[in-house]
Every structure is written in structure tokens, then in C-alpha cells.
Amino acid sequence: MASILNFPPIHFDFGAIKELTLELDKRKIDRPLVITDQGIVKHGVYRKLRDALPDDMAVSLFDKIPENPTILGVEQALEVYKKNSCNGIIGLGGGSVLDSGKALRVIATHDISLIDVLGNLDKITANVAPYITIPTTAGTGAEITPGGGIHPEPNAPALAIRSIHVRPDLAICDPEFTMTLPPRLTAATGMDALTHCVEGFLSNNSNPPTEAIALDGTRRVINFIDRAVTDGDDREARSEMSMAALEGGMAIYMGLGPIHALSMTFGNSPLHHGTLVTVAMPAVMRFYNDRIKGNALERIAEAMGLTADKESGNRIADAVAEINAKIGLPSTVREMGYDKTDIGQMVQDSCESHFNFSAPIRPNADEYEKIVIEVLG
Ligand SMILES: [Fe+2]
């Protein structure tokens, strides 16, 4: 059975930010809180957003969302939201900011602490604060997805926040807002989008319309990531990568798999999510190579411009490793500075991840051990 969920409305193009005032008016939001991080403010990206809003609008700013989303960051944002009697949230940033907004919209209206929400997701009701997202990276897909992860402490594993009620009300994807993203983050977040397209496409949820979107996103990443990393001013490449990220977000609606399970395994340290998943991707593709029935791997290989045959899983793995090297990303988790050594715990964490539920094939403990050792390096 195909279960096709609907995405939030989206405005996409250079200049799409012009829609923001009208969209706030439609929702009767006249005292928005913009949540973001200090880098966004420093690089003048927040200024672009503020300039798009009426001068006399009571816009509040919270710019201390950390690099990885934490309960503390969301609670601090809530204080500003309440103090200034805000009546809507605008998330301006990458995955950390956009996921923090999903948690904030819940605790802004629910009389319950965030840690209790994270342990009792069924307590999230439709009574959430309005939430508009404006991504400043091209890769996480968080601008449209109905979930995310929040770390109780900076180095503790993230707890999932997942509910149709946290899905943003609207995404404004204006590639202009990604133009200052530095090369390394352009590379890592762009490859995150590829993993969303591929894992979503391969998931055990049949959904032909979204599968077509996932293949389209795959093509865009392969064709444009190098250009976006090499020349951040390449407007066509920036736009294509923003669209690929959005398509990756749509692919996430079908579910993910072992690549993202591994991102949780190694996610108990402050390593960048996008880098982690693209480092993990080759080992998972090699695991799939002779195990996935049908022509799913061939179809991905074809979208990537590779020879589509029985070796497609291995070809995809080699191609991803090659792209990672070309755009300056590491090839192992050890290279990223990960120093933990308890392989048994890593295997257990991988096996227990909720991402396995939508995997086309769930690796068993022995198989995960081989994958973990390869990814660790
Ligand atoms: Fe991801």
C-alpha cells in the first residue's frame, strides 16, 4: 500500500522571501520571533530577512541556537518568545535551528516541559504556535519534515521529536539565503540531501510519486554539488542544491535507513550530521549490493550517471567515496576525530535505531559490526 503524506506549502526561488510579509499577515502574526544562530547574524543573512519585513513590525530575535539542537537552546528561545508576547515563529538557519523551532512551537503552547514532550510524543496536540521555515543550508530537508532530533545535553544522543503537528506550516526556500554557506558546509549538507534521496527511495514504503522526486533530487546533487562547493556565487548551482535539499526532505517522508541509524550511533559526539552520513553511505551501499532484490539500486545508479547493473551498490559506494574526496570531506569517522572504542556498544546502538524500521533490509548485529568497523576506519 502506498501511503502518501502531504508536504507543507512551499515558496521556492530567488526572491521568494518577498512572500514572507503576506504569509505572516495571512496567519495574523504581527509579533514573530526569529530563531537563528550567531553565524547567520554575523554573515548578514538575518539582515536580509529583517529588510524584507515592515520596519514597524515588532520582530524579536533569538540568535543563540547551538550548532546541534539542545533542550537548553529551545528553552532559552521560549523565554524570549514569552517575554515579548510573540505570536509566531520564523526559523532561519540549518537543521539545528529548524528542528529547534519544531520543539519550540510545541512548548510555546503546551503546559509541559520539553523533556516530557520528547518522552511522550503523543502529548503533542494540534495546538502549536505558527511556524515558518527559511533554510540557509541546502541539505537537511528540515524545512518541511515532520520531525527532528533534540539533544538533552550537547554530547548526549538526540531524542526524536516526531509528530504531524510539528511539521512546519510553510517553507520559504530562497536560494539567496544559502549564498554565504561556506564550502565545507555546502559539501556536507549537500551530501546529506543525497542520503535522504537514496535512503527514502530504497525505504520499504512504496510511494512511486515521491520515489520519482527522490531520483530527481539524486540527479541534482550529482550534477551540481561540485559547482556549489567550488564557487559559492554560482547561483544556478545554489538553486539546484536548494531544490535537491527540498526533494530530499520529501524523500524523508518515506523513511530512512541504516545510514541515518549510523549517524545516531556516532552522534553522541559533536560531529556534523551531514559529514557523518556521507562517510557512512559507501559501507551501507556495499552491504546492499547483492542483497536488494529488484532494480532499485540500478535505478539510483542510473540517476547518478553510473553503469546500472548487478554491481550498482558497489558502484554507488565508489562514486560517493570519490565525490567526498573531491569536495574535501573525510572518508572515515576516525578522520573526523571520533575517539570512542566500544564497538559492541556502537553495534547495539545501530541495531536499536528507529531508522531501521523503514530500511529495505535491516542489518543484523554481525552485519552492523562489519559496517561499523568500515565506517570507523
Ligand atoms: Fe540526514
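The values are calculated or read from the model by the stated rules, or taken from the named source; none is laboratory data. Keep in mind that this is a model prediction, so the values were computed, not measured. Please note: Cβ atoms are built from the backbone with ideal geometry, for glycine as well, and neighbour counts cover all protein chains shown.
Being surrounded by fewer than 21 Cβ atoms within 10 Å (Cβ to Cβ), of a type in the set (A, V, I, L, M, F, W, C) and within 16 Å of the ligand (Cβ to nearest atom) is the requirement here; does Met281 meet it? Here the answer is no, as Met281 does not meet what is asked. Of the listed requirements (1) more than 15 Å from the ligand (Cβ to nearest atom); (2) within 24 Å of Ile35 (Cα to Cα); (3) among the small types (Gly, Ala, Ser), Ala188 misses just one: (1). You will find that of Asp318, Asp290, the residue that is in contact with a helix residue (DSSP H, G or I) (Cβ under 9 Å, 6 or more places away or on another chain), acidic (Asp, Glu) and modelled with pLDDT under 95 is Asp290 and no other.
Only one of the numbered conditions (1) in contact with a Leu (Cβ under 9 Å, 6 or more places away or on another chain); (2) closer than 16 Å to Ala129 by Cβ is violated by Ala52, and that is (2). Annotation for region 43-57: no member residue is touching a strand residue (DSSP E or B) at 6+ places or on another chain (Cβ under 8 Å) and among the small types (Gly, Ala, Ser).
Could you tell me whether region 191-205 includes any residue that is closer than 21 Å to Asn295 by Cβ, within 14 Å of the ligand (Cβ to nearest atom) and assigned to a loop (DSSP other than H, G, I, E, B)? Checked against the condition, which is being closer than 21 Å to Asn295 by Cβ, within 14 Å of the ligand (Cβ to nearest atom) and assigned to a loop (DSSP other than H, G, I, E, B), region 191-205 yields at least one hit. Being more than 16 Å from the ligand (Cβ to nearest atom), closer than 30 Å to Lys18 by Cβ and not small (Gly, Ala, Ser) holds for only one residue in Thr140, Thr145, Thr136, Thr125, and it is Thr136.
Criterion applied to Leu256, Leu276, Leu246 was being crowded, with 21+ Cβ neighbours inside 10 Å, at pLDDT 95 or above and part of a loop (DSSP other than H, G, I, E, B), and the one residue passing it is Leu256.
Of the residues making up region 286-327, those that are on the phi < 0 side of the Ramachandran plot and assigned to a loop (DSSP other than H, G, I, E, B) number 14. The set of residues from region 147-179 being modelled with pLDDT of 95 or more, under 14 Å from the mean Cα position of the chain (by Cα) and part of a loop (DSSP other than H, G, I, E, B) comprises Arg167, Pro168.
A single entry from Ile259, Ile316, Ile292, Ile225 fulfils the requirement of being out of contact with any Phe, Trp or Tyr (no Cβ under 7 Å at 6 or more places or on another chain) and within 13 Å of the ligand (Cβ to nearest atom): Ile259. For region 336-377, a residue qualifies if it is under 25 Å from Phe201 (Cβ atoms), over 23 Å from the mean Cα position of the chain (by Cα) and part of a helix (DSSP H, G or I), and the qualifying residues are Glu367, Tyr368, Lys370, Glu374.
Once region 234-243 is narrowed to residues that are in a helix (DSSP H, G or I) and free of Cβ contacts under 8 Å to residues at least 40 places away in the same chain, the residue that is nearest to the ligand (Cβ to nearest atom) is Glu240. Of everything listed in (1) modelled with pLDDT of 95 or more; (2) in a helix (DSSP H, G or I); (3) over 14 Å from Val320 (Cβ atoms), the single unmet condition for Ser263 is (1). In region 206-222, the residue that is farthest from the ligand (Cβ to nearest atom) out of those that are closer than 21 Å to Ala325 by Cβ and buried (at least 24 other Cβ atoms within 10 Å of the Cβ) is Arg220.
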